[in-house]
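The values are calculated or read from the model by the stated rules, or taken from the named source; none is laboratory data. Predicted model, so just to flag it, every value in this text is computed and none were measured. Don't worry about glycine lacking a Cβ; one is built from the backbone with ideal geometry, like all the others, and counts go over all protein chains shown.
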């Protein structure tokens, strides 16, 4: 086996690991369909309607909220509370982002 083959093998392995990590990080489902629809609409709003300079803070909020809801949804006793939280977030976002032309129906 030549060093060229070894480099190719290492590169392939590294790409596989990176692709797996990227896939794991891109998993955005909370386990609550209504929340998932809201978070997708929120993400579309900030990416399409807000200036790039403002997107980072809203994206951080989105990721933090998703993680919180995902954690709540994992506990059957907290699932209903998580759904109410998403509903409240959706209503607040609808009012806040209305001037930007975003809808969260």
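May I ask you to verify whether residue 64 is within 15 Å of the chain's Cα centre (by Cα) and over 12 Å from residue 32 (Cα atoms)?
Yes, satisfied.
Please enumerate the residues belonging to region 41-57 that are over 11 Å from the mean Cα position of the chain (by Cα) and either assigned to a helix (DSSP H, G or I) or outside the structural domain of residue 98 (by TED's automatic domain parsing) (or both).
Initial filter on region 41-57 (over 11 Å from the mean Cα position of the chain (by Cα)): 45-57.
Those that are over 11 Å from the mean Cα position of the chain (by Cα) and either assigned to a helix (DSSP H, G or I) or outside the structural domain of residue 98 (by TED's automatic domain parsing) (or both): 45, 46, 47, 48, 49, 52, 53, 54, 55, 56, 57.
Okay, residues lined up against (1) at pLDDT below 95; (2) surrounded by 16 or more Cβ atoms within 10 Å (Cβ to Cβ):
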{"position": "9", "(1), (2)": "yes, no"}
{"position": "12", "(1), (2)": "yes, no"}
{"position": "18", "(1), (2)": "yes, no"}
{"position": "39", "(1), (2)": "no, yes"}
{"position": "45", "(1), (2)": "no, yes"}
{"position": "59", "(1), (2)": "no, no"}
{"position": "66", "(1), (2)": "no, yes"}
{"position": "87", "(1), (2)": "no, no"}
{"position": "95", "(1), (2)": "no, no"}
